[in-house]
Amino acid sequence: MTLDTTKHAAGTPDADQPWAELGLKQDEYERIRDILGRRPTGAELAMYSVMWSEHCSYKSSKVHLKQFGEKAPASDAMLVGIGENAGVVDVGQGYAVTFKVESHNHPSYIEPYQGAATGVGGIVRDILAMGARPVAVMDPLRFGAADHPDTKRVLPGVVAGIGGYGNCLGLPNIGGEVVFDPCYQGNPLVNALCVGVMKHEDIHLAKASGAGNKVILYGARTGGDGIGGVSVLASETFDSTGPAKRPAVQVGDPFQEKLLIECTLEIFNEDLVAGIQDLGGAGLSCATSELASAGSGGMRVELDTVPLRDSSLSPEEILMSESQERMCAIVEPGKVDRFLEICEKWDVIATVIGEVTEGDRLEIFWHGEQIVDVPPRTVAHEGPVYHRPYERPSWQDALQADGADKLARPGGGEELREQVLALVASPNQASKSWVTDQYDRFVQGNTVLAQPEDSGMIRIDEESNLGVAVATDGNGRYAKLDPYTGAQLALAESYRNVAATGAKPLAVTDCLNFGSPEDPAVMWQFAEACRGLADACLELGTPVTGGNVSLYNQTGETAIHPTPVVGVLGVIDDVTRRTPMAFAEEGQLIYLLGDTADELGGSAWSQVVHGHLGGLPPKLDLEREKLLAEILIAGSRDGMIDAAHDLSDGGLVQAVTESCLGGGKGARLVVPDGLSPFVFLFSESASRAIVAVPRSEEVRFNDMCGARGMPATRIGVVDGDAVEVQGEFSIPLAELRAAHDATIPALLA
Amino acid sequence: MTARIGVITFPGSLDDRDTRRAIRLAGAEPVALWHRDKDLKGVDAVVLPGGFSYGDYLRAGAISRFSPVMETVIGEARAGLPVLGICNGFQVLTETHLLPGAMLRNNHLHFICREQQLRVENADTAWTADYTAGQEIRIPLKNVDGRYVADERTLDMLEAEGRVAFRYLGMNPNGSLRDIAGITNEAGNVVGLMPHPEHAVEPLVGTGGTDGLGFFTSILKKLVNA
């Protein structure tokens with residue numbers, strides 16, 4: 001077969017090209033021809049097709065994501081914002097923290113183990129590329145119905161993949177979520193978050209500058225796996241009649257990634273790189289075009305020097321391959337030898353594949369012949385932008401009108417008791433230790449808090465005890481009822497979770513999981529969620545630093561619930577002051593912070609007891625949310641509270657159960673005046689938390705809450721070995737524990 | 001005077017830095033050793049840390065035992081150098097035959113991470129002298145290939161000679177024969193176990209206890225008093 005060089009392309013304008021098969025639309029193909037002034041070569045077409053895919057170009061979401069920048073709150077903490085591999089936040093004492101959440105949804109449905117494993121690998125390389133040592137991971141997960149046979153295929157594979165990869169990298173897994181809902185049947189959500197730590201001066205950016213600097217590809221050899229992963233998998237809905245897509249899923253080698261981490265950190269330590277980028281979605285196409293686009297000059301690459309696993313790969317395949325565990329660095333000529341030496345020490349293959357040039361073109365050669373000659377910005381940063389039509393779905397009003405107030409409520413103590421047990425044993429509320437016990441949470445020796453705590457917490461300085469806390473949350477049921485408020489509630493819960501452990505929330509990362517953008521109803525959900533999240537970030541003072549959008553999470557006409565997953569990062573000056581969730585001391589007083597209203601729309605109770613979804617989600621007062629966080633942080637810092645737990649899905653009784661089981665202590669509760677026992681126990685009103693206050697601190701604690709206008713109601717005492725609601729029911733801890741612990745193992749055994 | 005304790009980093013070692021921290025917290029001087037380097041830098045004892053050396057794609061520890069540094073370690077250990085193998089390090093020690101038996105995949109086939117109760121059965125080794133026989137300790141366990149097996153004769157011999165150093169209590173987490181969590185060689189200088197003492201040395205992190213610190217204070221006292 002003739003090599004399709006730029007010269008050949010110029011001479012054969014009418015050659016048939018497989019642009020449609022590569023996922024490009026007619027007008028996109030025409031635009032490429034306009035940009036180049038000729039038809040693209042096969043290699044150019046490959047590059048444009050992957051880089052202009054939904055996954056890489058954000059072409060449908062861009063116009064809405066802009067708000068995160070436009071409405072960003074002024075924050076002194078932000079060091080690097082949206083657009084780089086990950087955002088970077090100043091946490092004081094010269095430290096910077098980078099964190100980001102990404103999706104690997106589609107691959108994880110096709111091949112759960114490798115899909116989830118390489119999801120971890122990808123986000124870890126993003127964090128590494130910023131110059132940071134990765135210090136923790138967490139995984140927000142969504143699966144179909146817990147008792148569906150396919151969940152038994154997907155979930156254990158995903159969990160084993162996350163564990164198999166993350167454990168082998170030596171990264172503690174400190175939190176995340178496991179949520180079941182039939183809407184995720186066929187479209188599980190596998191999101192992965194990574195946190196990294198560095199000193200301010202170690203921050204690295206993805207740009208190629210300085211003519212004459214060398215382009216070094218290092219890490220694994222390039223193979224045929226993952227070709228077209230972004231364009232084929234992540235940017236289209238599944239069609240059961242199509243060919244098998246398994247070859248489009250990447251295969252991971254965590255050992256190689258571990259070497260890559262240590263090798264890269266040693267390279268950073270000797271200040272050997274001028275720019276760096278990891279290879280993830282769209283592989284070399286992405287790395288070369290993004291580096292060149294962000295830099296000042298052009299780039300020349302000799303593609304035939306790329307080390308291959310399979311020598312029969314074509315230039316197009318090499319450019320599109322998503323083989324894992326690869327990085328691309330820009331290195332000054334005088335530092336190349338030392339760079340290669342460090343790679344050799346770690347048994348990492350490294351090859352100079354090209355150099356930065358004076359010009360403004362990205363040129364790629366294959367055995368001396370030019371096969372790519374493009375302006376890199378048109379590939380990486382100036383892809384298509386769609387203003388997709390969006391419209392509030394016709395069914396939204398009916399859904400909101402079908403409120404939870406119509407549902408039958410428990411008649412008395414005995415029925416309340418039954419429903420409490422059903423709630424804490426339901427798959428979404430049950431203990432997830434079957435999952436989290438497959439992850440190493442101890443490695444690196446800095447884990448202060450891990451799942452099932454409200455947030456994961458990592459010590460970052462052994463001398464000063466400076467630390468960071470991270471939580472992720474998202475409630476697709478709330479977002480389905482009202483995507484604007486639902487997205488805000490996800491942020492509020494994550495923010496609250498960070499504050500509940502005593503850390504001050506600083507910044508946000510988000511993974512926006514939605515259905516097909518070609519459906520105006522889905523696009524409306526997306527637009528509303530972005531608007532809600534941006535508005536709330538502004539009000540809470542926590543900027544979005546980066547994240548990821550995953551669209552096309554739908555099978556046929558049916559989209560998943562809109563599922564914005566929000567991660568919040570917080571800082572704590574002294575991790576020895578952290579607040580755990582467990583009730584550890586008998587006699588301590590249990591206080592409820594915040595106001596409880598009759599809000600059961602989208603609640604866990606309505607799902608577990610009635611299989612119902614309708615009405616409106618809880619109202620959210622962001623000023624109150626901020627105040628609650630301040631109270632929780634001050635209470636922790638000043639030693640006024642010994643335990644805290646946020647109230648979210650499942651309401652107060654779920655939180656009390658978890659705090660009691662965590663500490664092996666019971667609780668005697670009294671229903672406050674003006675509330676029905678049912679609303680007291682099951683309402684999901686936002687901006688609330690329970691805290692355990694030592695008796696010696698009660699006056700001081702009440703004074704603080706009173707002075708700041710925070711409603712604080714004494715609802716009981718830590719005592720005994722049962723959860724007792726006075727006058728209603730009592731459930732022994734052993735019975736609660738059995739109900740809470742047995743569900744997930746029984747479903748997955 | 002303090003003791004210098006080496007910690008070997010193989011490609012894929014994970015708990016090497018944590019082990020060095022534990023050694024420092026115990027009051028000894030940690031020394032980083034590199035798998036390609038035969039030189040032990042004159043250390044007084046060596047720890048083989050946890051991790052997945054060389055990816056453990058063939059069999060846990062099977063490749064590491066052939067690394068240059070292990071050539072020296074094997075010889076020195078036979079001559080009395082104190083060696084502790086934790087998790088992957090224990091797997092390497094069985095592969096080198098410094099300790100008998102082998103490790104198989106956990107009987108439930110999953111990776112397991114938990115706080116594990118152990119009983120110290122032998123408090124006379126170089127690494128356990130700061131404990132008392134029968135003492136119960138709680139330290140993290142995290143592995144996927146942790147099921148200790150050996151033939152009946154070897155197991156009987158280990159029992160008879162008091163070479164079962166640690167036993168799982170409460171629950172056997174992986175199907176190890178006779179609940180064995182760790183063993184020692186005849187001389188008591190080479191000890192291997194699956195759980196991780198280096199992650200139970202500070203009240204703040206890990207299990208929140210310091211039950212694992214005794215491994216490192218044991219060896220320190222032995223070396224300093226020698």
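The values are calculated or read from the model by the stated rules, or taken from the named source; none is laboratory data. Quantities reported herein were computed from a predicted structural model and do not represent experimental measurements. FYI the Cβ positions are ideal-geometry reconstructions off the backbone, even for glycines, and counts take in every protein chain you see.
Residues that are more than 26 Å from A:His204 (Cα to Cα) and of a type in the set (A, V, I, L, M) do not occur anywhere in segment A:85-93.
Would segment A:408-423 turn up any residue that is more than 14 Å from every other protein chain (Cβ to nearest Cβ) and under 21 Å from the mean Cα position of the chain (by Cα)? The answer is no, given that none of the residues of segment A:408-423 is more than 14 Å from every other protein chain (Cβ to nearest Cβ) and under 21 Å from the mean Cα position of the chain (by Cα). Has segment B:167-177 got any residue that is buried (at least 19 other Cβ atoms within 10 Å of the Cβ), outside any helix (DSSP H, G or I) and within 14 Å of chain A (Cβ to nearest Cβ)? Checked against the condition, which is being buried (at least 19 other Cβ atoms within 10 Å of the Cβ), outside any helix (DSSP H, G or I) and within 14 Å of chain A (Cβ to nearest Cβ), segment B:167-177 yields at least one hit. Of the strands (runs of 3 or more DSSP E) lying entirely inside segment B:17-103, the ones with 3 or more residues being within 14 Å of another protein chain (Cβ to nearest Cβ) and at pLDDT 95 or above are found at B:29-34. Count of segment B:178-226 residues, restricted to those that are out of contact with any strand residue (DSSP E or B) (no Cβ under 7 Å at 6 or more places or on another chain), within 14 Å of chain A (Cβ to nearest Cβ) and surrounded by 22 or more Cβ atoms within 10 Å (Cβ to Cβ), is 2. Exactly one residue out of A:Ser455, A:Ser426 is over 18 Å from A:Gly567 (Cβ atoms) and not aliphatic (A, V, I, L, M): that is A:Ser426.
Scanning segment A:432-445 for residues that are touching a residue at least 60 places away in the same chain (Cβ under 8 Å) and either facing another protein chain (nearest Cβ under 10 Å) or crowded, with 22+ Cβ neighbours inside 10 Å (or both) returns A:Ser433, A:Trp434, A:Val435, A:Thr436, A:Gln438, A:Tyr439, A:Asp440, A:Arg441, A:Phe442, A:Val443, A:Gln444.
A:Val448 meets each of the listed conditions (1) more than 7 Å from every other protein chain (Cβ to nearest Cβ); (2) surrounded by 24 or more Cβ atoms within 10 Å (Cβ to Cβ); (3) aliphatic (A, V, I, L, M) apart from (1).
Criterion applied to A:Val575, A:Val571 was being at pLDDT 95 or above and surrounded by 24 or more Cβ atoms within 10 Å (Cβ to Cβ), and the one residue passing it is A:Val575.
Could you list all residues from segment A:684-705 that are of a type outside the set (Ser, Thr, Tyr) and assigned to a helix (DSSP H, G or I)? Listed by number, the residues that qualify are A:Arg695, A:Glu697, A:Glu698, A:Val699, A:Arg700, A:Phe701, A:Asn702, A:Asp703, A:Met704, A:Cys705.
Please find, among A:Val379, A:Val385, A:Val336, the residue that is of a type in the set (A, V, I, L, M, F, W, C) and not in a helix (DSSP H, G or I). Quick ask: steps written out before the conclusion?
Values: A:Val379 fails: not in a helix (DSSP H, G or I); A:Val336 fails: not in a helix (DSSP H, G or I).
Among A:Val379, A:Val385, A:Val336, only A:Val385 is of a type in the set (A, V, I, L, M, F, W, C) and not in a helix (DSSP H, G or I).
From the list A:Thr579, A:Thr563, pick out the single residue that is within 30 Å of A:Phe701 (Cβ to Cβ), β-branched (Val, Ile, Thr) and touching a helix residue (DSSP H, G or I) at 6+ places or on another chain (Cβ under 7 Å). Exactly one of A:Thr579, A:Thr563 is within 30 Å of A:Phe701 (Cβ to Cβ), β-branched (Val, Ile, Thr) and touching a helix residue (DSSP H, G or I) at 6+ places or on another chain (Cβ under 7 Å), namely A:Thr579.
Scanning segment A:116-143 for residues that are under 15 Å from the mean Cα position of the chain (by Cα) and of a type in the set (Gly, Ala, Ser) yields A:Ala116, A:Ala117, A:Gly119, A:Gly121, A:Gly122, A:Ala136. Here the condition is being part of a helix (DSSP H, G or I) and in contact with a Cys (Cβ under 8 Å, 6 or more places away or on another chain); of A:Leu747, A:Leu736, A:Leu681, it holds for A:Leu736 alone. The strands (runs of 3 or more DSSP E) located wholly in segment A:122-207 that include 2 or more residues which are within 14 Å of chain B (Cβ to nearest Cβ) and within 25 Å of B:Val205 (Cβ to Cβ) occupy A:133-143, A:173-180.
Would you check if there is a residue in segment A:598-606 being surrounded by fewer than 21 Cβ atoms within 10 Å (Cβ to Cβ), over 29 Å from A:Glu585 (Cβ atoms) and without any contact (Cβ under 8 Å) to a residue 24 or more places away in the chain? No, because not a single residue in segment A:598-606 is surrounded by fewer than 21 Cβ atoms within 10 Å (Cβ to Cβ), over 29 Å from A:Glu585 (Cβ atoms) and without any contact (Cβ under 8 Å) to a residue 24 or more places away in the chain. Residues that are under 15 Å from A:Ala479 (Cα atoms) and assigned to a helix (DSSP H, G or I) within segment A:598-612 comprise A:Ala604, A:Gln607, listed in sequence order. Filtered by the rule that a residue be buried (at least 24 other Cβ atoms within 10 Å of the Cβ), assigned to a helix (DSSP H, G or I) and either among the aromatic types (Phe, Trp, Tyr) or without any contact (Cβ under 8 Å) to a residue 24 or more places away in the chain (or both), segment A:97-121 gives a lone residue, A:Tyr109.
The residue that is surrounded by the most Cβ atoms within 10 Å (Cβ to Cβ), counting only those in segment A:28-60 that are among the hydrophobic types (A, V, I, L, M, F, W, C) and farther than 20 Å from A:Gly83 by Cα, is A:Ala43.
Quick one: is A:Ala503 surrounded by 24 or more Cβ atoms within 10 Å (Cβ to Cβ) and either free of Cβ contacts under 8 Å to residues at least 40 places away in the same chain or over 21 Å from A:Ser57 (Cα atoms) (or both)? For A:Ala503, the condition - surrounded by 24 or more Cβ atoms within 10 Å (Cβ to Cβ) and either free of Cβ contacts under 8 Å to residues at least 40 places away in the same chain or over 21 Å from A:Ser57 (Cα atoms) (or both) - is met.
Identify, from the list B:Tyr148, B:Tyr131, the residue that is more than 14 Å from every other protein chain (Cβ to nearest Cβ), hydroxyl-bearing (Ser, Thr, Tyr), outside any loop (DSSP other than H, G, I, E, B) and crowded, with 19+ Cβ neighbours inside 10 Å. Only one candidate qualifies: B:Tyr148. Of the helices (runs of 4 or more DSSP H) contained entirely in segment A:428-514, those carrying at least 1 residues that are among the charged types (D, E, K, R) fall at A:476-481, A:483-500.
Yes/no per residue for (1) crowded, with 24+ Cβ neighbours inside 10 Å; (2) over 16 Å from A:Pro254 (Cα atoms):
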position	(1), (2)
A:Asp139	yes, yes
A:Pro149	no, yes
A:Arg153	no, yes
A:Gly161	yes, no
A:Asn167	yes, no
A:Asn173	yes, no
A:Asn187	yes, yes
A:Val190	yes, yes
A:Cys194	yes, no
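Checked against (1) within 14 Å of chain B (Cβ to nearest Cβ); (2) in contact (Cβ under 8 Å) with a residue 60 or more places away in the chain; (3) on the phi < 0 side of the Ramachandran plot; (4) not basic (Lys, Arg), A:Thr472 passes all but condition (1). Restricting A:Phe180, A:Phe255 to residues that are at pLDDT 90 or above, within 24 Å of the chain's Cα centre (by Cα) and more than 21 Å from A:Gly122 (Cα to Cα) narrows the list to A:Phe180.
Scanning segment A:21-77 for residues that are among the polar types (S, T, N, Q) and either farther than 21 Å from A:Ser289 by Cα or within 31 Å of the chain's Cα centre (by Cα) (or both) yields A:Gln26, A:Ser49, A:Ser53, A:Ser57, A:Ser60, A:Ser61, A:Gln67, A:Ser75. Summed over segment B:104-121, the residues that are surrounded by 21 or more Cβ atoms within 10 Å (Cβ to Cβ) and either assigned to a strand (DSSP E or B) or touching a Leu at 6+ places or on another chain (Cβ under 7 Å) (or both) give a count of 4.
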